[in-house]
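Notes follow the structure.
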Amino acid sequence: QVQLAESGGGAVQTGGSLRLSCAASVSIFTINTMGWYRQAPGKQRELVATITSGVNLNYADSVKGRFTISRDNAKRTMYLQMNSLKPEDTAVYYCRVVYGVTFYWGQGTQVTVSS
């Protein structure tokens, strides 16, 4: 069983920055794929970014060049640095890991970007 706790969300103006964190209850050294997803009101949950094997990074086109995903295995934490935020980035952000053959999700953290 893996518990994930997101933090770092909040309200910012257009062009602002936030850094989200996702802390895991277990060591993440052996977790291959970790990722961030988001869900805006009335929309489906969508992929934001993934980090695989700590090396391969994948981003949604809408966030490329603005968001950076990273992980610190020693701290059991994954991060999402979000810069140049836009109103369309407003959503609940979730972290997800694949541990063994099971997907685990965090509870989500709200990000609100005002114009």
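Listed values, structure above:
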read-out: Only listed residue being in contact with a Phe, Trp or Tyr (Cβ under 9 Å, 6 or more places away or on another chain) and at positive phi, chosen from Gly100, Gly8; value: Gly8
read-out: Failed item, numbered, when Ser114 is tested on (1) at negative phi; (2) open to solvent by less than 20 Å² (accessible area, probe 1.4 Å); value: (2)
read-out: Among the residues listed as Thr90, Thr14, Thr33, the single one being free of Cβ contacts under 8 Å to residues at least 60 places away in the same chain and of a type outside the set (Lys, Arg); value: Thr90
read-out: Qualifying residue in the stretch 12-34 (condition: assigned to a strand (DSSP E or B) and more than 15 Å from the chain's Cα centre (by Cα)); value: yes
read-out: Leading residue by the ranking (farthest from Leu80 (Cα to Cα)) among those in the stretch 1-16 that are surrounded by 12 or more Cβ atoms within 10 Å (Cβ to Cβ) and not hydrophobic (A, V, I, L, M, F, W, C); value: Thr14
read-out: Qualifying positions in the stretch 47-99 - open to solvent by less than 60 Å² (accessible area, probe 1.4 Å), under 21 Å from Thr112 (Cβ atoms) and in a helix (DSSP H, G or I); value: Pro87, Asp89
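The values are calculated or read from the model by the stated rules, or taken from the named source; none is laboratory data. This structure is a prediction, so every number in the text was calculated from the model and none was measured. When we count neighbours, we look across all protein chains shown, and the Cβ atoms used for this are built from the backbone with ideal geometry, even at glycine. Note: accessible area is taken over every heavy atom of the protein model, side chains too, but ligands, DNA and RNA are not part of it. Shrake-Rupley method; radii C 1.70, N 1.55, O 1.52, S 1.80 Å.
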